[in-house]
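One structure is given below, encoded as structure tokens.
The values are calculated or read from the model by the stated rules, or taken from the named source; none is laboratory data. The shown structure was predicted, so the numbers you read here are calculated from the model rather than taken from an experiment. Cβ: placed from backbone, ideal geometry, glycine included. Neighbour counts: every protein chain shown.
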Amino acid sequence: MPAIDPARHKVAIVLFNLGGPDSPEAIAPFLLNLFRDPAILRVPPFIRPLLARRIARARLKPATDNYALLGGKSPLLDLTREQAAALEAALPEMQAKCFIAMRYWHPMTDEAVKAVKAWAPDHVLLLPLYPQFSTTTTGSSLLAWRQAAVKAGLVAPVTTLCCYPTDPGFIAATTALVRAAYDRARDTLPAKTPLRVLFSAHGLPETIVRRGDPYQWQIEQTVAAVLSAWGEPVDHAVCYQSRATPQKWIDPSTDAEIARAAKDGTAVLVVPIAFVSEHSETLVELDVEYRHLAERLGVPGYFRVPTQNADAAFIASLAGLVRRAMADGPTLCSASGGRLCGSAHGGCPFVPRRHDGRRGTVHA
């Protein structure tokens, strides 16, 4: 296939994200969409609809209360639109246009596919706003995209960027935000009060990780890269938040690490290491719920690093990823080009998989 010249050909950049309700009335269907996803609720198909409704009902009241603190809706779509506009502006040499494909609320994947088809691009680049790959996030979005593209008859060369957990540009941008917040927190605290950095990521059920999902490993790689770029020894821990189902989830949990910090008499700086946009899990779970927990337990200081949003350095890192991915042509690639994950991670997108998600024939 001839190489695509992004200076002369139209490139559709599709930004994948989770999505969030845009009104109080959208909260219930958003939750139902989330838990009906086979990548999220991994139970037999005949059980999933009933169990999804049960979990969605149980979570409706707390979710409604959380979104009420945010004005009744998620800010995620507006922030993703800002990122899209900034990314387009950061690629002046390309005929590039960004499209947003949210997984569980509008604009959903089929809407994005129709918009891309109407624009008639010469090339499509799939760019997740999840730096670390998981079968539950990027994997689910990629499958939804493929199915919607086939249904809509969208035909164009596609480059898929699966992940960028240790991309130097992404790491530099993230480290700058962490270092600046650490310095601000350190200036606020008494000199003798220790400060611990908690790298908090969305959790996963242990069973998903045991089956080969590379997410936890990629989170650890991101944290190691940030600490290396920072270049200073710092007390830190990796932890996980947002447990959503009754199964055992990977640990330690963020609330357990906050309790440990209280016992140790250390202040905490929380880094949302897997999120690149503010939403309910940062603005409510981290800023309200965990802050209250820290205060109740007597943690001597609670601070939080902002997400990247449209931070100039972060957008520049995305632009760099786009340029390198386009240079690879139609393919599946990571930020470094090839496969990042080890052989233990059968959930890596570089592993051929059947339509039912098991090893075998690659998804259509």
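Filtered by the rule that a residue be touching a Lys or Arg at 6+ places or on another chain (Cβ under 8 Å) and surrounded by 19 or more Cβ atoms within 10 Å (Cβ to Cβ), the stretch 68-93 gives a lone residue, L91.
Taking the stretch 39-66 as the range and being within 29 Å of D287 (Cα to Cα), of a type outside the set (G, A, S) and out of contact with any Phe, Trp or Tyr (no Cβ under 6 Å at 6 or more places or on another chain) as the test, the residues that pass are I40, R53, R54, R57, R59, L60, K61, P62, T64, D65, N66. No other residue among W105, W119 is touching a strand residue (DSSP E or B) at 6+ places or on another chain (Cβ under 9 Å) and either of a type in the set (F, W, Y) or at pLDDT 95 or above (or both) apart from W119. Would the stretch 109-124 turn up any residue that is outside the structural domain of F275 (by TED's automatic domain parsing), of a type outside the set (V, I, T) and under 30 Å from R210 (Cα atoms)? No; the residues of the stretch 109-124 include none that is outside the structural domain of F275 (by TED's automatic domain parsing), of a type outside the set (V, I, T) and under 30 Å from R210 (Cα atoms).
Condition (residue is surrounded by 15 or more Cβ atoms within 10 Å (Cβ to Cβ), hydroxyl-bearing (S, T, Y) and not in a helix (DSSP H, G or I)) applied to the stretch 44-67: is it met by at least one residue? For the stretch 44-67, residues surrounded by 15 or more Cβ atoms within 10 Å (Cβ to Cβ), hydroxyl-bearing (S, T, Y) and not in a helix (DSSP H, G or I): absent. As a summary of the residue check, Q216 satisfies the conditions (1) assigned to a loop (DSSP other than H, G, I, E, B); (2) polar (S, T, N, Q); (3) without any contact (Cβ under 8 Å) to a residue 40 or more places away in the chain except for the one numbered (1). Of all the residues that make up the stretch 282-324, how many are among the β-branched types (V, I, T), buried (at least 17 other Cβ atoms within 10 Å of the Cβ) and not in a loop (DSSP other than H, G, I, E, B)? Total meeting the criteria: 4. Residues being in a strand (DSSP E or B), closer than 26 Å to R243 by Cβ and either hydroxyl-bearing (S, T, Y) or at pLDDT below 95 (or both) are represented in the stretch 193-203 by at least one member. Looking at the stretch 325-332, can you tell me whether even one residue there is among the hydroxyl-bearing types (S, T, Y) and surrounded by fewer than 19 Cβ atoms within 10 Å (Cβ to Cβ)? Yes. With respect to being under 26 Å from P205 (Cβ atoms), among the β-branched types (V, I, T) and under 23 Å from the mean Cα position of the chain (by Cα), I27 fits the description. Number of residues in the stretch 187-219 that are more than 18 Å from T254 (Cα to Cα) and among the acidic types (D, E) equals 2. Report, ordered by the first and then the second residue, all pairs with beta carbons closer than 9 Å, sequence separation of six or more or different chains, a first member in the stretch 57-74 that is assigned by TED's automatic domain parsing to the domain that holds R36 and among the aromatic types (F, W, Y), and a second member that is in a helix (DSSP H, G or I) and surrounded by 12 or more Cβ atoms within 10 Å (Cβ to Cβ). Within 9 Å, the pairs are Y67/P24; Y67/I27; Y67/S280; Y67/V284. Take the residues in the stretch 256-281 that are surrounded by fewer than 20 Cβ atoms within 10 Å (Cβ to Cβ), out of contact with any strand residue (DSSP E or B) (no Cβ under 8 Å at 6 or more places or on another chain) and not basic (K, R), then tell me which one is farthest from G203 (Cα to Cα). So, considering only residues that are surrounded by fewer than 20 Cβ atoms within 10 Å (Cβ to Cβ), out of contact with any strand residue (DSSP E or B) (no Cβ under 8 Å at 6 or more places or on another chain) and not basic (K, R), the one farthest from G203 (Cα to Cα) is G265.
The listed residues are A144, A101, and the only one of them that is hydrophobic (A, V, I, L, M, F, W, C), touching a residue at least 60 places away in the same chain (Cβ under 8 Å) and surrounded by 17 or more Cβ atoms within 10 Å (Cβ to Cβ) turns out to be A101.
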